[in-house]
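Asker: Can you read through this structure? Questions will come right after.
The values are calculated or read from the model by the stated rules, or taken from the named source; none is laboratory data. Since we're looking at a predicted model, the values are computed, not measured. Using ideal geometry, Cβ is built from the backbone for each residue, glycine included, and neighbour counts are taken over all protein chains shown. Just the protein is used for accessible areas: all its heavy atoms, side chains included, with ligands, DNA and RNA removed. Shrake-Rupley method; radii C 1.70, N 1.55, O 1.52, S 1.80 Å.
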Amino acid sequence: MANLITVNSECFGSLDISGAEKVIKPWQQDAMAACSAELQFQIDYPREPTDPRELSEIPEIRMWFIRLDACYPWLPVCLDWKSGELARYTAMLVPHQFHRTEGIQYNPEALEIFLMHKIFAIAQWLKSQGLPSKSKLMSMANLLGYDLDESLFDFLETDA
C-alpha cells in the first residue's frame, strides 16, 4: 500500500514541505521502513486549459521538489517505482524534454550527475542504517537506463 503526499498550489508557492515531512520523518531513522514505503505524490496544481506544460516544467513545482530533495536526498529509495514515481521525481530535478512519441528524454549529462549523487547519498544513508545498498541502487540505476559496474559498490563499502 502506497503512502500518499498531497501537495497543492499553496505549498508550492510557499515552498512548504511540512506535509511531506509528516509522512517522511518517521522513516528518517528507519531505512527498512523507508525502503518499503512506496511513496506517491498527489499534485493539485490548477492550470489553464491552454497551458501545454508538464508539471515538471512549472518552476514553482520544480523548486518545491528541489527543496524536498535537499532535505531528504535519500528519498528516491522510498518512492513507488512501479507506479512511475521515480521517473516523475527525476523529471522534477533533471533537465529534460518531453516528446509525445518517445516520452521523457533527460539531458544525459544531467541525469548521470543526478544518478551518481543519489547513489552516493543513498548508499551512505543505507550504510549508516546497517542495510545493504547494492541491489536497491543497481535497480534504481537500471530504471533510469544505467548499468552500474559492481566495482563501484566495492569502493563504496571500503570508503570511510
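Asker: Given the whole protein assembly as supplied and a 1.4 Å probe, what does the accessible area of residue 14 come to in Å², nearest 10?
Answerer: 80 Å²
Asker: Of 82/127; 25/127; 25/134; 25/118; 82/136, which sit over 22 Å apart, Cα to Cα?
Answerer: On the way: 82/127 24 Å; 25/127 18 Å; 25/134 24 Å; 25/118 19 Å; 82/136 14 Å.
As for pairs spanning more than 22 Å Cα to Cα, those are 82/127; 25/134.
Asker: Roughly speaking, what is the stretch gain from residue 40 to residue 109, that is 0.36 nm per residue apart minus the C-alpha to C-alpha distance, in nm to one decimal? Before the final figure, lay out each step's value.
Answerer: Values: separation 69, 0.36 × 69 = 24.84 nm, distance 2.65 nm.
Once the chain is fully extended between residue 40 and residue 109, it gains 22.2 nm.
Asker: When the solvent-accessible surface of protein heavy atoms is calculated with a 1.4 angstrom probe, in what order do 72, 146 fall, highest first?
Answerer: Values: 72 5, 146 60 Å².
Highest to lowest solvent-accessible surface, that is 146, 72.
Asker: At 0.36 nm per residue, minus the direct Cα-Cα distance, what do residue 131 and residue 33 gain on full extension? Give it in nm, one decimal, please.
Answerer: Details: separation 98, 0.36 × 98 = 35.28 nm, distance 1.13 nm.
Residue separation times 0.36 nm, minus the Cα-Cα distance, leaves 34.1 nm.
Asker: Per the 1.4 Å probe, what fraction of the accessible area of the chain, in percent, lies on carbon and sulfur atoms?
Answerer: Values: 4750 of 9050 Å².
Exposed carbon and sulfur together represent 52 percent of the surface.
Asker: Shifting gears a bit: Using the alpha carbons of the chain, what is the convex hull volume per residue in cubic angstrom, as a whole number? Can you show the working numbers first?
Answerer: Details: hull volume 19.1 nm³, N = 160.
Here the figure is 119 Å³ per residue.
Asker: Here is a further query. Quick one: order 39, 55, 143 from most to least accessible surface, probe 1.4 Å.
Answerer: Values: 39 0, 55 40, 143 100 Å².
Correct descending sequence by accessible area is 143, 55, 39.
Asker: Can you put 6, 101 in order of accessible area, largest first, using a 1.4 Å probe? Before the final figure, lay out the partial values.
Answerer: On the way: 6 80, 101 130 Å².
Sorted by accessible area, descending: 101, 6.
Asker: To the nearest 10 Å², what's residue 134's accessible area with a 1.4 Å probe?
Answerer: 80 Å²
Asker: Shifting gears a bit: Under a crude label model (7 Å from the Cα following the beta-carbon direction), how far is residue 157 from residue 99 in nanometres?
Answerer: It works out to 3.9 nm between the two label points.
Asker: Rolling a 1.4 Å sphere over the protein heavy atoms, what is the accessible area per residue of the stretch 75-160, to the nearest Å²?
Answerer: On the way: 4820 Å² over 86 residues.
Value returned for the stretch 75-160: 56 Å² of accessible area per residue.
Asker: Using the alpha-carbon atoms, what tilt in degrees (0 to 90, nearest 10) does helix 134-143 show relative to the longest principal axis of the chain?
Answerer: So the helix axis and the longest Cα principal axis differ by about 30 degrees.
Asker: Looking at the chain, identify the longest residue range that excludes and avoids all GluC sites (Glu not before Pro) in DSSP loops having at most 11 other Cβ atoms within 10 Å. Can you show the working numbers first?
Answerer: Numbers: sites that count: 102, 150.
Result, exposed sites excluded: 1-101.
Asker: Can you give the accessible area of residue 32, probe radius 1.4 Å, in Å² rounded to 10?
Answerer: 120 Å²
Asker: Another question, if that's okay. How much length is gained on full extension from residue 147 to residue 15, taking 0.36 nm per residue of separation minus their Cα-Cα distance?
Answerer: Details: separation 132, 0.36 × 132 = 47.52 nm, distance 3.45 nm.
Answer, rounded to one decimal: 44.1 nm.
Asker: Pull up the DSSP beta bridges for the chain and report the antiparallel fraction as a percent, rounded to 5. It would help to have the intermediate numbers written out before the result.
Answerer: Values: 4 of 11 bridges.
Of those bridges, close to 35 percent are antiparallel.
Asker: For residue 39, list long-range residues whose amide hydrogen, built 1.01 Å from N in the peptide plane, is under 5 Å from its own amide hydrogen.
Answerer: Correct list: 3, 79, 80.
Asker: Relative to the longest principal axis of the C-alpha atoms of the chain, give the angle of the C-alpha long axis of helix 108-128, reported between 0 and 90° and rounded to the nearest 10°.
Answerer: Tilt of helix 108-128: around 50 degrees.
Asker: Taking amide H positions as placed in the peptide plane 1.01 Å from N, state which residues far from residue 6 in sequence (5 or more) or on other chains have amide H under 5 Å from it.
Answerer: Close amide H contacts, sequence-distant or interchain: 42.
Asker: Moving on to the next point. Under a 5 Å amide H to amide H cut-off, with H placed in plane at 1.01 Å, what residues pair with residue 96 once short-range neighbours are removed?
Answerer: Those lying under 5 Å, H to H, from residue 96 are 107.
Asker: In nm, to one decimal, how far is the residue 82 label point from the residue 70 one, both placed 7 Å along Cα→Cβ?
Answerer: Result: 3.5 nm between the two label points.
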